[in-house]
Amino acid sequence: MTVKTKKYQLNNKTYISIALKSVLIEFWWAWLVPVAIMMVPIFVEGSLGWCIGISITLIVLYILFWLIQFAGVTQLEQNKILFERLSYEIDSRYVMIKLDSKRGMPVNWETITKAKKGKDHLLLFMSKVQFIYLPNKIFKTENDIKFTEAILKRKNLLKD
């Protein structure tokens, strides 16, 4: 059985928020640097203000760095295809990303590293910031969503 979806266009804000959240979770250890700086006042008297200022500056710069990266991705010519109206065909062999009825690209299941199920979407990650976003509204029936989830579970991409 093949699940065919309706056409969907990923908007820039959705891409940026999902990619930012993914990176902030993936690089959780980077949050230890501001925490370590906040520990300095325990050992050095009178440095609380500096430590708080440096920690907040580092956090803001870190988040700003990633926001600029992802905003840039949305503007690059080679990534324009990600933000076109696409439909998907999902079966046990691959996910076919279709621009129209004649042009499409298959993505093998081996390329997909993990999947996450949200309350109103499925995310298929190919890397930290490359993913296929499938909102539930693009599936034609509830059974299509369940079948897609079953495929993901069989491929050990989606955990219960």
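Rule-based calculations on the coordinates, nothing more; no lab input. The model shown is predicted, which means the values in this text are computed figures rather than measured ones. Here the Cβ is made from the backbone with ideal geometry for all residues, glycine too, and neighbour counts use every protein chain on show.
Between Thr57, Thr113, which is among the polar types (S, T, N, Q) and touching a strand residue (DSSP E or B) at 6+ places or on another chain (Cβ under 8 Å)? Spell out the reasoning first.
Numbers: Thr57 fails: touching a strand residue (DSSP E or B) at 6+ places or on another chain (Cβ under 8 Å).
Result of the check over Thr57, Thr113: Thr113.
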(request) Would you mention how many residues in the stretch 88-108 are surrounded by fewer than 16 Cβ atoms within 10 Å (Cβ to Cβ) and either touching a His at 6+ places or on another chain (Cβ under 8 Å) or closer than 26 Å to Lys21 by Cα (or both)? (result) 1
(request) Can you run down the residue pairs with Cβ atoms below 8 Å, 6 or more apart or on separate chains, where the first is in the stretch 143-160 and under 18 Å from Met126 (Cβ atoms) and the partner is small (Gly, Ala, Ser)? (result) Ile151/Ser92; Leu152/Ala115; Leu157/Ala115; Leu158/Ala115
(request) Could you please let me know if Thr148 is over 21 Å from the mean Cα position of the chain (by Cα) and surrounded by 11 or more Cβ atoms within 10 Å (Cβ to Cβ)? (result) no
(request) Might you check whether a residue that is of a type in the set (Phe, Trp, Tyr), over 30 Å from Trp31 (Cα atoms) and part of a helix (DSSP H, G or I) occurs anywhere in the stretch 88-95? (result) no
(request) Can you confirm whether the stretch 56-71 contains a residue that is surrounded by 11 or more Cβ atoms within 10 Å (Cβ to Cβ) and within 29 Å of Phe139 (Cα to Cα)? (result) yes
